[in-house]
Amino acid sequence: MLRSHTFNFFQQYKKLWVVIVLIAVLFIGGEIAVGNFLSLAQVLLTIRMASMIALFALCQMTVMSPGGDGLDLSIGFNATLTAVITASIMDGSNGNLFAAILVAIGFGAAVGFVNGFLSAYMKLPPLIVTLAMGTILQGIINVYTAGANITGRPSPALAVLAAGTTGIFPNIVFMLIIVLVIVMIVMNKTSIGRKMFGVGANERAAYLSGIDVRATRLKAFLFSGIWASCMGLMLLGNMGIAFKDMGSNFIMPSIAAAVVGGVSMGGGEGNYLGVVLGSIFLQALTNLLVAFGWGDAGKWLGFGIVLFTMLIFYAREKRNK
């Protein structure tokens with residue numbers, strides 16, 4: 001009986017265990033190959049950098065879960081424009097932080113609503129819609145920053161949250177833990193979470209059971225837009241300044257982290273803990289490639305190979321079903 005329960009436990013969470021094993025292999029391999037990979041300072045640095053990927057990847061998990069080939073390629077540009085705008089609003093003052101948060105939420109909601117409406121109600125491919133939105137946002141950024149320096153700084157409180165530490169632990173990690181707990185509860189214990197997974201698992205069955213499929217997918221993109229804007233604030237606080245393309249580098253890693261973490265690209269399946277672990281795996285892989293002297297090119301090559309491999313496994317799994 002115990003053996004049966006143990007087997008069922010591993011079967012239920014096999015994707016998480018696979019990612020954990022991969023992370024262990026990378027850290028041990030890095031320690032053997034280049035050294036210092038298992039030191040406390042290096043592990044904390046890896047988790048700190050992975051936290052930003054994981055927080056961005058929440059956007060992808062949200063839009064992927066209800067199916068419909070959901071992906072959000074606009075999150076990086078959304079975050080960048082938010083950072084550029086709110087930097088001048090805060091200008092180093094805690095008194096202006098609340099106003100900056102309201103602007104970020106409003107702007108993100110507008111971007112998310114347009115993405116969701118065109119994808120869910122107009123039946124346009126989310127990949128094309130969000131790519132077009134990202135291009136538009138990039139154009140606005142270029143116009144806004146053309147011939148002028150980007151002024152303003154994050155508020156001290158935001159800087160402490162995004163870049164500060166408590167003891168030896170980065171504050172961003174504590175934020176990730178809080179978000180992890182909230183997301184796990186919402187996705188698994190509330191009606192909106194069950195609706196999102198239900199729509200992704202079987203759209204027709206969800207519709208016949210009374211779930212508004214289009215509204216559910218619209219809400220997913222709405223949340224993604226708002227959260228991406230909030231991540232723009234976090235990037236600003238983490239880096240201390242706003243600049244062009246500061247968020248675009250998180251688009252591919254956010255997708256890869258979600259896929260590696262077990263979020264089905266067809267919808268209906270996903271675990272944010274897996275997304276967090278997927279982010280740690282990607283960051284550990286990046287660190288190892290950099291240590292080998294591959295630099296930025298090696299990082300993107302690694303992301304591409306991992307994503308391509310996971311897509312092959314996803315295609316095989318879908319075909320077998």
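Return the distance in nm (one decimal) between the two label points of a simple spin-label model at V290 and R194, each offset 7 Å from Cα along Cα→Cβ.
So the label points at V290 and R194 sit 4.4 nm apart.
Would you mind checking the range 125-152 for residues with the amide N under 12 Å from a putative spin-label position 7 Å along Cα→C-beta of A99?
none
Hey, can you list the DSSP H helices of the chain whose Cα span along the axis is 30 Å or longer and whose average Kyte-Doolittle score is at least 1.0?
40-64
Grab the Cα-Cα distance for A41 and I182, subtract it from 0.36 nm times how many residues apart they are, and report the gain in nm with one decimal.
48.0 nm
Semi-axes, largest first, in whole Å: what does sqrt of 5 times each Cα gyration tensor eigenvalue give for the chain?
The equivalent ellipsoid of the chain has semi-axes of 30, 27, 18 Å.
Using unit Cβ charges (K, R positive; D, E negative) and no other charged atoms, how large, in debye to the nearest 20, is the dipole of the chain about its Cα centre?
For the chain, the charge dipole is close to 860 debye.
Of G200, L301, I241, which is farthest on the positive side of the dipole of the range 39-320, counting Cα position, with +1 on Lys and Arg Cβ, -1 on Asp and Glu Cβ, and the Cα centre as origin?
Ranked along the dipole, the leading option is G200.
All of the numbers you see were taken from the coordinates with simple rules; none came from a lab. Keep in mind it's a predicted model, so treat the numbers as computed, not measured. Here Cβ is always computed from backbone atoms with ideal geometry, including for glycine, and neighbour counts include all displayed protein chains.
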